[in-house]
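All remarks here apply to the structure that follows.
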Amino acid sequence: MVDSKTLGKLIAEEQKELRIILNEWDPIGDVPEDEYDSFRDPIISMLHKGKTEKDIAEFLSRHLEGYVGLQSFPTESQEVAKKILCWWNKRNK
């Protein structure tokens, strides 16, 4: 069993690494480093629950349109979701 200090470090690492991926995606352009943090924790939760690439892509599209107010492009969301899942799978081998 993981103690709370170790768990906190693991969560912080996941958040930091996922922030990098989301900032590389950067659908808004030229924004502060924490701009996509509203995407981050829900995605991490989805990953812990075993959600699929399709689920993550749909979340990205919905959140981009509903929260950020930008048009989403399904192909782009799918590519980012694939990259996120690849990162997650490598991280959790």
Considering the values (i) 40; (ii) 24; (iii) 21, which represents percent of Cα pairs over 22 Å apart as calculated for the structure under consideration?
(ii)
Lysine pairs in the chain 8 or more apart or on different chains: how many have alpha carbons under 13 angstrom apart?
4
Note: Val31 to Val2 extended length (0.36 nm per residue) minus current alpha-carbon separation gives 6.9 nm
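Since every read-out is calculated from the coordinates, none of them should be taken as a lab result. Computed from a predicted model, the values in this text were never measured in an experiment.
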